[in-house]
């Protein structure tokens, strides 16, 4: 009887300690919602040919003009992602998704929602260092990789 009482008290004390535990400050999670689609036209001026789909630049472009660079095709388990960025000097003025996962209906739905959000993220961040879209983690990662590779090509 004495052992049962001690076990019960120990269990209750453990539960009280567990339920009373407070972790550090809550982590803020950003969940993006789809804004109305807007088009950011590229800045006027001469353009140079974009890179070939293989990721090989077709011509070298000056760092001050408007140029378009195509990132490589970055595969993930849901499909391939490839983007084309337009730069005015070093500023990203447009991002176009050339390829997003769409071979399954659910992948197409996710891509149609995530594509505009990822574009907005890149334009705001002016880099590939972007927040991923909830529910489109693999697409977000592949999108960022393609953007980063295009930026690397543009700076080379």
Which condition from (1) more than 16 Å from residue 75 (Cβ to Cβ); (2) part of a helix (DSSP H, G or I); (3) over 10 Å from the mean Cα position of the chain (by Cα) is the one that residue 111 breaks? (1)
Taking segment 81-90 and keeping residues farther than 10 Å from residue 151 by Cα and modelled with pLDDT under 95 leaves 88, 89
Return yes when residue 103 is outside any helix (DSSP H, G or I) and either at pLDDT below 95 or touching a helix residue (DSSP H, G or I) at 6+ places or on another chain (Cβ under 6 Å) (or both) and no when it is not. yes
Filtered residues of segment 91-121 (kept if within 14 Å of residue 146 (Cβ to Cβ) and in contact with a strand residue (DSSP E or B) (Cβ under 7 Å, 6 or more places away or on another chain)): 92, 95, 96, 97, 98, 99, 100, 101, 115, 119
Reported set for segment 122-141 where residues are over 20 Å from residue 73 (Cβ atoms), outside any loop (DSSP other than H, G, I, E, B) and either in contact with a strand residue (DSSP E or B) (Cβ under 6 Å, 6 or more places away or on another chain) or touching a residue at least 12 places away in the same chain (Cβ under 8 Å) (or both) is 123
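Report the residue count in segment 102-111 for those that are touching a residue at least 12 places away in the same chain (Cβ under 8 Å) and exposed (fewer than 14 other Cβ atoms within 10 Å of the Cβ).
2
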Just to be sure I understand, how many residues within segment 67-90 are part of a strand (DSSP E or B) and closer than 20 Å to residue 117 by Cβ? 10
For segment 131-148, how many residues are surrounded by fewer than 21 Cβ atoms within 10 Å (Cβ to Cβ) and under 25 Å from residue 90 (Cα atoms)? 5
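The values are calculated or read from the model by the stated rules, or taken from the named source; none is laboratory data. Keep in mind that what you see is a predicted model, and the values were worked out from it rather than measured. Methodologically, a virtual Cβ is constructed for each residue, glycine included, from the backbone with ideal geometry; neighbour enumeration extends over all protein chains shown.
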